[in-house]
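The values are calculated or read from the model by the stated rules, or taken from the named source; none is laboratory data. Just so it is clear, the structure is predicted and the values come from calculations on it, not from any experiment. Virtual Cβ from ideal backbone geometry, glycine too; neighbours counted across all protein chains shown. Note: accessible area is taken over every heavy atom of the protein model, side chains too, but ligands, DNA and RNA are not part of it. Shrake-Rupley method; radii C 1.70, N 1.55, O 1.52, S 1.80 Å.
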Amino acid sequence: MSKNTLTKLRAFLDLDAEEAWINRMASDGWLITKGGPIYRFARTEPGHHVIRLDYRKHDRRANREEYLQFMADSGWRHLAGKSKQYFESTQPEIGSELFSDQESRSQRYLRMIKAFGAILLWFLYFTWLTGRGAGYSVSTLLNPRDFFLTPGLWQMQGFEFQRHFYFELPFAMLRGLGAAMWPIGAVIVGILIVRIALLRRASNQTTDA
Amino acid sequence: MNRSKLLPLTETVYTILLTLTEPAHGYAILQRVHELSDGDIRMAAGTLYGALETLVKNKLIERVDSDDPRRKVYVISDYGREILRADTERMRRMISLADREL
C-alpha cells in the first residue's frame, strides 16, 4: 500500500516561488493540506491544478469565515493556511488569478511585513524586559563575566575558584541564553523583514517593465 | 480622508463604487462588475476583497445589515457618492478636452 500523505519541511518568503512549488506538487499528485514550514500533502488526481496564495490575517473568527465564504462564492476552495492562505480554483477556465492588478498582488508582501513587524516589536520588548528585570542586557553579552553572580568569584584562586566557577557555569549559561535569545530573534526577524521588503519592491517593478 | 489623495480613482475603485449604488455582497459585486462592463473588466476575488477593506477604511462605502452573517453587504456612502461624482466630472472635462484637441 502506498502512502497517502506526505510531509515536507520547507521555508519560503517568496510567494511566487512557493506558489510554483505547491502547483508542481499538485501536478505530481500531491495536494497541500497544511502550510509551511512543515507542509502536509494528501494524494490527489495528478494533472493540472490552479493553486494561488494570499496573505491575510484575521483578528476575528467572523471576519475569517466571511473571507472564506466570499472566496468560495467566487470559485476558490480554501485548502490550507491561517495567515498564508492556499486556494484552489474550482473553475480555472473562468478565472485563474487571485489578483487582477499588480498593486493588490504585491500588497500581500505589505501585510507580511506588518505581521513580521508585530513579532519584531515583541522581541524588542522582551529584550528590554529581560534587561530590566534581571539586571543584564545586550551589553552584558560582550562581558559574559557579569552572568556569574557568586560574590568575589573573579578574585578567587585555584580549587576554590574552579569549584565555584563550574558550579555556577550552567546557571550563567542559562542567564546568557535568556539575555541573548530575544535580541538574536529580533535581528533574525529584522533580516526577514528586509528580505520581504525587497521581494515587494521586485514584484512592484515587474509592472513598470 | 483628503479628497486629493483619493482622486483620480483607479478603474477598480471607480467600478466598485458604481456597482455599489445598490447594496451588494462580495460575489454579487464581482458579477455586477462583469455585467456592467459587458465582460470587459474582470476583477479577481483577492483584488476586490482588499479594495473593499480600503474603501470601508476611507469611508467611501459602508456595511449594511444582512440576513446572512457570512456574507457582508456593502453600499456606497454619501461621501463615496460625492467622490464618484467628482471623479466623473474630472473625466468628463478630460474627455471634452480630448474631443476638442483630437
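What number of residues within the stretch A:140-161 satisfy the criterion of being over 43 Å from the mean Cα position of the chain (by Cα) and open to solvent by less than 100 Å² (accessible area, probe 1.4 Å)?
The number of residues fulfilling the criteria is 5.
Here is a list: B:Tyr49, B:Tyr74. Which entry is surrounded by 15 or more Cβ atoms within 10 Å (Cβ to Cβ), closer than 24 Å to A:Asp54 by Cα, hydroxyl-bearing (Ser, Thr, Tyr) and touching a residue at least 24 places away in the same chain (Cβ under 8 Å)?
Just one listed residue meets the conditions, B:Tyr74.
Can you find a residue that is within 28 Å of A:Arg200 (Cα to Cα) and assigned to a helix (DSSP H, G or I) anywhere in the stretch A:46-58?
No, the stretch A:46-58 contains no residue that is within 28 Å of A:Arg200 (Cα to Cα) and assigned to a helix (DSSP H, G or I).
Exactly one condition in (1) in a helix (DSSP H, G or I); (2) within 13 Å of another protein chain (Cβ to nearest Cβ); (3) under 30 Å from B:Gly39 (Cβ atoms); (4) open to solvent by 40 Å² or more (accessible area, probe 1.4 Å) is false for A:Leu110; which is it?
Of the numbered conditions (1) in a helix (DSSP H, G or I); (2) within 13 Å of another protein chain (Cβ to nearest Cβ); (3) under 30 Å from B:Gly39 (Cβ atoms); (4) open to solvent by 40 Å² or more (accessible area, probe 1.4 Å), the odd one out for A:Leu110 is (3).
Take A:Ile38 and tell me if it is open to solvent by 40 Å² or more (accessible area, probe 1.4 Å), more than 9 Å from every other protein chain (Cβ to nearest Cβ), of a type in the set (A, V, I, L, M) and more than 26 Å from B:Asp40 (Cα to Cα).
Here the answer is yes, as A:Ile38 does meet what is asked.
Take the residues in the stretch A:60-102 that are at pLDDT below 90 and charged (D, E, K, R), then tell me which one is nearest to B:Tyr49 (Cα to Cα).
If we take residues in the stretch A:60-102 being at pLDDT below 90 and charged (D, E, K, R), then A:Asp101 is nearest to B:Tyr49 (Cα to Cα).
Restricting attention to the stretch B:22-38, report how many residues are more than 9 Å from chain A (Cβ to nearest Cβ) and open to solvent by 60 Å² or more (accessible area, probe 1.4 Å).
So the count comes out to 8.
Return a yes/no flag: does the stretch A:92-107 have any residue that is loosely packed, with under 12 Cβ neighbours inside 10 Å, within 14 Å of another protein chain (Cβ to nearest Cβ) and hydrophobic (A, V, I, L, M, F, W, C).
Within the stretch A:92-107, one or more residues are loosely packed, with under 12 Cβ neighbours inside 10 Å, within 14 Å of another protein chain (Cβ to nearest Cβ) and hydrophobic (A, V, I, L, M, F, W, C).
Are any of the residues in the stretch B:3-17 open to solvent by 60 Å² or more (accessible area, probe 1.4 Å) and among the aromatic types (Phe, Trp, Tyr)?
Looking through the stretch B:3-17, none of the residues is open to solvent by 60 Å² or more (accessible area, probe 1.4 Å) and among the aromatic types (Phe, Trp, Tyr).
Give me a count of the residues in the stretch A:59-91 that are within 11 Å of chain B (Cβ to nearest Cβ), assigned to a strand (DSSP E or B) and open to solvent by 30 Å² or more (accessible area, probe 1.4 Å).
Number satisfying all stated conditions: 0.
A quick yes/no check of all residues on (1) away from chain A (no Cβ under 14 Å); (2) open to solvent by 70 Å² or more (accessible area, probe 1.4 Å); (3) in contact with a Leu (Cβ under 8 Å, 6 or more places away or on another chain); (4) not in a helix (DSSP H, G or I):
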position: B:Asp40; (1), (2), (3), (4): no, yes, no, yes
position: B:Arg63; (1), (2), (3), (4): no, yes, no, yes
position: B:Pro69; (1), (2), (3), (4): no, yes, no, yes
position: B:Tyr79; (1), (2), (3), (4): yes, no, yes, no
position: B:Arg85; (1), (2), (3), (4): yes, yes, no, no
position: B:Glu89; (1), (2), (3), (4): yes, yes, no, no
position: B:Asp99; (1), (2), (3), (4): yes, yes, no, no
